[in-house]
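Only the coordinates and a few stated rules stand behind these numbers; no lab work does. Computed from a predicted structure; not experimentally measured. Here the Cβ positions follow ideal geometry from the backbone for every residue, glycine too, while neighbour counts run over all protein chains shown.
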Amino acid sequence: DTGVSQNPRHKITKRGQNVTFRCDPISEHNRLYWYRQTLGQGPEFLTYFQNEAQLEKSRLLSDRFSAERPKGSFSTLEIQRTEQGDSAMYLCASSLIGSETQYFGPGTRLLVL
Amino acid sequence: DAKTTQPPSMDCAEGRAANLPCNHSTISGNEYVYWYRQIHSQGPQYIIHGLKNNETNEMASLIITEDRKSSTLILPHATLRDTAVYYCIVRVAGSARQLTFGSGTQLTVLP
């Protein structure tokens, strides 16, 4: 039983660069969620997918943030033209329709210099 | 989803029971109480959830008051590895909605 995996685990980038993170959910989990967590705060919801459909994206922080789940399996979160304020932990979670318990990955820690 | 209130921090001696309280006085009849914890620099870990009956699993016990306005997460024999931030979250059963995390309780287990 493999859990949710995220890659990379750490990313350091310069301001203005684009970054992309990958999340592989638990096998057969239909729903996939992205959260952001800044230092000292609880995770903050960004967006979620049911299979390949993105059902909620109004919480994405700006139009620089986008997410995809093209085949209903893994997902990517892209941040364009990164800013120092984007430095945070980006967390992915998945769940099964009918269960709704979300299981989280280890996160990707982003540092924008 | 109903709002929750937790103490910001608690200490517990290793080997003793850790009792973490959560107030959710505005909880609705179809809302579950979920508990997650987050060990430093890791993703949140699901612990347990319940509706109105007490629940127990291999990690913890969840005690929900009869009026459902508060609950207590019990770690029966705390170890140093239980040091983490514990989040109490209330959400509608079967909801696809996101989890709304508050500030949680920083539990420190002391040797």
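Brief remarks follow.
- Backbone amide hydrogens, once placed in the peptide plane, bring B:Glu14 within less than 5 Å of B:Leu110, excluding anything fewer than 5 places away on its chain.
- For A:Leu46, nonlocal amide neighbours, meaning residues 5 or more places apart or on other chains whose placed amide H falls under 5 Å from its own, are A:Trp34, A:Tyr35, A:Arg36.
- Under the convention that each Lys and Arg Cβ holds +1 and each Asp and Glu Cβ holds -1, the size of the dipole of region A:8-113 around its Cα centre is about 400 debye.
- Counting, for every residue in A:43-49, the Cβ atoms of other protein chains within 10 Å of its Cβ and taking the mean gives 3.
- Whole-angstrom gap from region B:14-31 to region A:1-71, using each part's C-alpha centre: 29
- Note on A:Leu39 and B:Asp67: the model spin-label points, each 7 Å out from Cα along the C-beta direction, lie 4.2 nm apart.
- Cα shape, chain A, gyration tensor, a/c 1.5 rule: prolate
- Amide N proximity, region A:98-112 versus A:Arg64 label position 7 Å along Cα-to-Cβ, cut-off under 17 Å: A:109-112
- Gyration tensor verdict on chain B (Cα atoms; rounded if a/c is under 1.5, prolate if a/b is larger than b/c, oblate otherwise): prolate
- Toward the positive end of the charge dipole of chain B, with +1 on the Cβ of Lys and Arg and -1 on the Cβ of Asp and Glu, the farthest Cα among B:Gln38, B:Thr108, B:Ala60 is that of B:Gln38.
- Label-reachable residues, region A:70-113, where backbone N falls under 12 Å from a point 7 Å from A:Asn18's Cα toward its Cβ: A:78-82
- Segment B:Asn19..B:Ile74, full-extension length gain: 19.3 nm, with 0.36 nm per residue of separation and the alpha-carbon distance subtracted.
- Rounded to 0.05, the FRET efficiency of the B:Met10 and A:Gln84 pair, given R0 = 25 Å and the Cβ-Cβ distance, is 0.15.
- Per chain B, cysteines lacking a partner by the 4.7 Å Cβ criterion: B:Cys12
- Cβ charges +1 (Lys, Arg) and -1 (Asp, Glu), total dipole of chain B, debye: 220
- Dipole check for the protein assembly as shown: with +1 at the C-beta of Lys and Arg, -1 at the C-beta of Asp and Glu, and the Cα centre as origin, the magnitude is about 620 Debye.
- Anisotropy class of the protein assembly as shown from Cα gyration tensor, a/c 1.5 cut: prolate
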